[in-house]
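The values are calculated or read from the model by the stated rules, or taken from the named source; none is laboratory data. Computed from a prediction, not measured in an experiment: that's the story for all the values here. So basically every Cβ, Gly included, is an ideal-geometry build from the backbone, and we count neighbours across all protein chains shown.
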Ligand SMILES: [Mg+2]
Ligand SMILES: [Zn+2]
């Protein structure tokens, strides 16, 4: 019997904080400006300069730590991480290696090893070598981004698949977005994710040799990249080989993995305590503030929604986006006695789909308020209109902003509640469609669909499906 | 006013003469600029022109009009700043160090930038990429280092006073070798912003002056919390000019265990003379133990190079300074740094990198930090018993150029008395204790006497030094004229 | 003691392309310095906390207020190879 292998995945996530200024100097943060217009002696690492930490960045970091359920360290300190690269002007990055500000957390099913504060690197753009003496290739360095405050979140290797990483990553992003401390935008680089991936026999406690998958700019790509790498590692092992420690890049356009660095160039970062900075010791008030100012976070909200009957998938969707959650709660508030499960399905299903269909409109620009949607949901629930009519009413509401009652009245969608009238239409349908009627009578119950369709067509969808079915069966002698 | 009077006047005296209208600030500046222009000690790496020097000093302060020489480790906007390294040849910073801004704000024109050991690494000034600086008492001898240029120009009559930096003795040792006063304040008393870093947890700015009063006046200008340096706190209450004439009730601890081997007879004799002076002034001499101070040099030569190795990594040819190759990234780094740094700097970068590298951290850096703790504790227990700890500043008088360059450790040992104090972060001053013949004979040379005090007790330290200085009555005039051609 | 190979490794980490002669000299010098430094092993450091700061300071922070940045011309004025408003460097992949 061949051994089954499972993937073991841990994440390192870099979150750019949305402070006004950089981590250690007063330069403003910017995105998309001309190169090198936000630099100063400190972030250019000129001789003689010293770092001064940004109070706001420390505060934001503590909020993230609290939101991830971490223990917030009573004392945290900064260290130097040494490596030469043009985007790293001091040739050391100021980070927290030994005493990070937050440890031992958990978000959803994933444990957080720790979170630490550090500074971002500058941007290096590869260019041709035109004009240079040697004529060889060159890079250009832009220090605008250099020194942006970052929180790096390091998880335990608790994830098992690319899909799980994508889902959990979305939860993390939603959680941080709600704190208002970062844009968490993967395309703009304010959220970056590296994955450490290894495989091991199912049931084993040991960790195999891991590879590091670098910096992909969407959770979809991360999912695909991880799946590709897990498959590759399993194949290497199946072929009797050994996984080598390396850093990889996933190219989403080709689906291929490329090696960036191999282990012979492995770094020796020569960490040492940063002698230019003194420890951060958050006061009890600061710690209390970080914890008590937390809004209801996605994971907690999802749990609460599930408890009131919302289906797991809808609960997750609603809780990730705070404005959708607020909208949903508005619907519940406006519609007395409304079933949360049904309301959630309307919000995350029909409404979301209709907004997408109509110019991909964001919820904030929706012409349908929670109260109007609640009215519509109630009309369906009370069988005043059919579910199918409800959808077409919603379409009109989304496009014109009309109230549901007036749409129903204008389009004459009021459900046929007079059972005498419905019965006449049913009898007429059986007469007009002798073939399926005969098939049903002779035992092929599936054929009843054609008759239901005929009734719906005749009533323009205003009939209650259950009632139509009952009457058909009665008149067909079932 | 006669040139001889200007030359002989201390900073405080010159300030008083200007304030009294006996001499104009312009006259004073012209005199010192012409002295500096005739520098025969290689004390200056850059000299101000009359215009730029005048611009530098804002009028109106108590020390207004008294020019100052600045060690070339301090960044000065628009003025070349090299730290005596080839890698910063021609570098012109776009900002000014806090200490230099403060002297300028106090009305002190900058005379020029003084020579030093490259990146402050050295005890002889022979490690300058721009040539050794010479001792005004004997131009075949070193002025000490790393603030050798600052010490030489003050002692040799090329500046009334100067700024230096001290990491393991770089103010005190050259002050001792040149027969002037050098004060290393408590770590944190003065901002380090704009001072090119050597070893961040040890570097401290301080004055090199003709006498203790001048040191006090400059310290008052320099000290203070700076928002650009999170490790700066200033000195509570500030610093006043000293007035003490006696040492009654004060106790002076002598760590006899440290003052043993390798010390020159003449140095020891002047040290013992000075202890007698202290007793004559009413002070009490007490033997003390600093059980771990003997390990200070070893700890220092792990900690300082380790910090230096990372502080000097920024000299990479990307944003400023020398770039030696354009071929590929690795060559740019390796050739720029290979050509840009001198031998002592490379030695320390290598030593520090090794001490921090994977597998060696605990054995070297980690252990040295713990030994540092032991040394801090030694001084804490000493100061529970005595007011001051005294030693010779250096085990020898100024040595000959080239005498100690063959073996690095021999050179390192010239800081045996200054380094323990640096590791403890406490203030210490070197005052001239007289002249002594070097071992092996030759003309007499200055001997420094070092007094250390608890953290932030600079005022007390200055008062005691002043009383002692008056009693010693050292005469440095023999060197004063010798600095200029 | 330090071996020649270690000296070469440390030189690589330090980004110093030492000449053969320098490697030899440094192997000797660093070995002799390390022999002295190794005496630190004689000090009893059992239970001793490391000192990286002599000052008992904490929480020295800056408010999140912007300060003026440098003019770009000034920022680039000392650059060995400024280009299009950026600091140009040879590429890591470039052929030597
Ligand atoms: Mg990181
Ligand atoms: Zn900046």
Item checked: Residues that are within 14 Å of chain C (Cβ to nearest Cβ), buried (at least 24 other Cβ atoms within 10 Å of the Cβ) and assigned to a helix (DSSP H, G or I), drawn from region B:407-462 -> B:415, B:419, B:420, B:421, B:422, B:423, B:424
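Mind checking which residues of region A:47-59 are more than 7 Å from chain C (Cβ to nearest Cβ) and either within 24 Å of residue A:185 (Cβ to Cβ) or within 16 Å of ligand 1 (Cβ to nearest atom) (or both)?
Answer for region A:47-59, where residues must be more than 7 Å from chain C (Cβ to nearest Cβ) and either within 24 Å of residue A:185 (Cβ to Cβ) or within 16 Å of ligand 1 (Cβ to nearest atom) (or both): A:57, A:59.
Which members of region B:341-366 meet the condition of being part of a helix (DSSP H, G or I) and surrounded by fewer than 24 Cβ atoms within 10 Å (Cβ to Cβ)? Write out each step before concluding.
Going residue by residue through region B:341-366, those that are part of a helix (DSSP H, G or I) are B:343-356, B:362-366.
Answer for region B:341-366, where residues must be part of a helix (DSSP H, G or I) and surrounded by fewer than 24 Cβ atoms within 10 Å (Cβ to Cβ): B:343, B:344, B:346, B:347, B:362, B:363, B:366.
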Notebook entry, point to check: Would you pick out the residues in region A:75-107 that are more than 13 Å from residue A:274 (Cα to Cα) and within 16 Å of ligand 2 (Cβ to nearest atom)?
Noted result: A:87, A:88, A:89
Next item on the list: Residue by residue through region A:90-120, note down the ones that are in contact with a helix residue (DSSP H, G or I) (Cβ under 7 Å, 6 or more places away or on another chain) and within 16 Å of ligand 1 (Cβ to nearest atom).
Entry: A:90, A:91, A:92, A:101, A:102, A:115, A:117
Notebook entry, point to check: What residue, of B:280, B:284, B:261, B:272, is out of contact with any strand residue (DSSP E or B) (no Cβ under 9 Å at 6 or more places or on another chain) and touching a residue at least 24 places away in the same chain (Cβ under 8 Å)?
Noted result: B:280
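If I filter region A:146-153 for residues that are assigned by TED's automatic domain parsing to the domain that holds residue A:29 and more than 27 Å from the chain's Cα centre (by Cα), do I get at least one hit?
Just the residues of region A:146-153 that are assigned by TED's automatic domain parsing to the domain that holds residue A:29, to begin with: A:146-153.
Restricting the remaining residues to those that are more than 27 Å from the chain's Cα centre (by Cα) gives none.
No, region A:146-153 has no match at all.
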Check: What number of residues within region C:45-72 are touching a helix residue (DSSP H, G or I) at 6+ places or on another chain (Cβ under 8 Å) and more than 30 Å from residue A:144 (Cβ to Cβ)?
Finding: 7
Next item on the list: Spot the failing condition for residue A:411; the list is (1) within 19 Å of residue A:346 (Cα to Cα); (2) touching a helix residue (DSSP H, G or I) at 6+ places or on another chain (Cβ under 9 Å), and only one is missed.
Entry: (1)
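Somewhere in region B:289-305, is a residue in contact with a strand residue (DSSP E or B) (Cβ under 6 Å, 6 or more places away or on another chain) and surrounded by 20 or more Cβ atoms within 10 Å (Cβ to Cβ)?
no
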Next item on the list: Under 8 Å between Cβ atoms, at least 6 apart or on separate chains: pull out the pairs that start in region A:14-27 with a residue that is closer than 25 Å to residue A:112 by Cβ and facing chain C (nearest Cβ under 7 Å) and end on any residue that is in a loop (DSSP other than H, G, I, E, B) and within 16 Å of ligand 1 (Cβ to nearest atom).
Entry: none
Check: Do any helices (runs of 4 or more DSSP H) entirely within chain C hold 2 or more residues that are farther than 28 Å from residue A:89 by Cβ and more than 8 Å from every other protein chain (Cβ to nearest Cβ), and if so, which?
Finding: C:4-14, C:20-37
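Looking for whichever is on the phi < 0 side of the Ramachandran plot and within 16 Å of ligand 1 (Cβ to nearest atom) here; the options are A:44, A:29, A:17. Which one fits? Talk me through it step by step, then tell me what you get.
On the way: A:44 fails: within 16 Å of ligand 1 (Cβ to nearest atom); A:29 fails: within 16 Å of ligand 1 (Cβ to nearest atom).
That would be A:17, the only listed residue that is on the phi < 0 side of the Ramachandran plot and within 16 Å of ligand 1 (Cβ to nearest atom).
Hand me the list of strands (runs of 3 or more DSSP E) wholly inside region B:176-292 holding 1 or more residues that are within 14 Å of chain C (Cβ to nearest Cβ). It would help to see each step written out before you state the result.
Details: elements: B:181-184, B:204-209, B:251-254, B:284-287.
Once the strands (runs of 3 or more DSSP E) in region B:176-292 are filtered for at least 1 residues that are within 14 Å of chain C (Cβ to nearest Cβ), what remains is B:181-184, B:204-209.
Do any strands (runs of 3 or more DSSP E) entirely within region A:137-252 hold 1 or more residues that are touching a residue at least 40 places away in the same chain (Cβ under 8 Å) and either surrounded by fewer than 22 Cβ atoms within 10 Å (Cβ to Cβ) or touching a strand residue (DSSP E or B) at 6+ places or on another chain (Cβ under 8 Å) (or both), and if so, which? Give the steps one after another, and end with the answer.
Numbers: elements: A:138-142, A:149-155, A:191-201, A:211-216, A:246-251.
Answer list for region A:137-252: A:138-142, A:149-155, A:191-201, A:211-216.
For region B:322-339, give me each residue that is in contact (Cβ under 8 Å) with a residue 60 or more places away in the chain and crowded, with 24+ Cβ neighbours inside 10 Å.
Let us first name the residues in region B:322-339 that are in contact (Cβ under 8 Å) with a residue 60 or more places away in the chain, namely B:322, B:336-337, B:339.
Listed by number, the residues that qualify are B:336, B:337.
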Item checked: Single condition residue A:52 does not satisfy, out of (1) within 16 Å of ligand 2 (Cβ to nearest atom); (2) surrounded by fewer than 19 Cβ atoms within 10 Å (Cβ to Cβ); (3) under 27 Å from residue B:199 (Cβ atoms) -> (2)
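Can residue C:94 be described as at pLDDT below 95 and closer than 30 Å to residue A:30 by Cβ? Outline the logic, then answer.
Numbers: at pLDDT below 95: yes; closer than 30 Å to residue A:30 by Cβ: yes.
So residue C:94 fits the description; yes.
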Next item on the list: All but one of (1) farther than 22 Å from residue B:152 by Cα; (2) surrounded by fewer than 16 Cβ atoms within 10 Å (Cβ to Cβ) hold for residue B:61, so report the exception by its number.
Entry: (2)
Next item on the list: From (1) in contact (Cβ under 8 Å) with a residue 40 or more places away in the chain; (2) out of contact with any helix residue (DSSP H, G or I) (no Cβ under 9 Å at 6 or more places or on another chain), pick out the condition that doesn't hold for residue A:285.
Entry: (1)
Checklist line | Selected residue [under 30 Å from residue A:78 (Cα atoms) and without any contact (Cβ under 8 Å) to a residue 12 or more places away in the chain] from C:20, C:38 | finding: C:38
Check: If residue B:236 passes every condition in (1) surrounded by fewer than 19 Cβ atoms within 10 Å (Cβ to Cβ); (2) in contact (Cβ under 8 Å) with a residue 60 or more places away in the chain; (3) in contact with a strand residue (DSSP E or B) (Cβ under 9 Å, 6 or more places away or on another chain); (4) under 23 Å from residue A:278 (Cα atoms) but one, which one does it miss?
Finding: (3)
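Residues are listed down the side, and each one gets a yes or a no for (1) surrounded by 24 or more Cβ atoms within 10 Å (Cβ to Cβ); (2) under 24 Å from residue B:14 (Cβ atoms); (3) outside the structural domain of residue B:113 (by TED's automatic domain parsing):
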| position | (1), (2), (3) |
| --- | --- |
| B:170 | yes, no, no |
| B:179 | yes, yes, no |
| B:190 | yes, yes, no |
| B:210 | yes, yes, no |
| B:213 | no, yes, no |
| B:216 | yes, yes, no |
| B:220 | no, yes, no |
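Could you please find all residues in region A:6-27 being away from ligand 2 (no atom under 16 Å from the Cβ) and in contact with a strand residue (DSSP E or B) (Cβ under 6 Å, 6 or more places away or on another chain)?
Of all residues in region A:6-27, those away from ligand 2 (no atom under 16 Å from the Cβ) come to A:6-15, A:18.
Answer for region A:6-27, where residues must be away from ligand 2 (no atom under 16 Å from the Cβ) and in contact with a strand residue (DSSP E or B) (Cβ under 6 Å, 6 or more places away or on another chain): A:7, A:8, A:9, A:10, A:11, A:12, A:13, A:14, A:15.
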Item checked: Of all residues making up region B:295-326, the number that are at pLDDT below 95 and more than 9 Å from every other protein chain (Cβ to nearest Cβ) -> 0
Check: Name the residues in region A:1-49 that are touching a helix residue (DSSP H, G or I) at 6+ places or on another chain (Cβ under 7 Å), surrounded by fewer than 20 Cβ atoms within 10 Å (Cβ to Cβ) and modelled with pLDDT of 95 or more, would you?
Finding: A:37
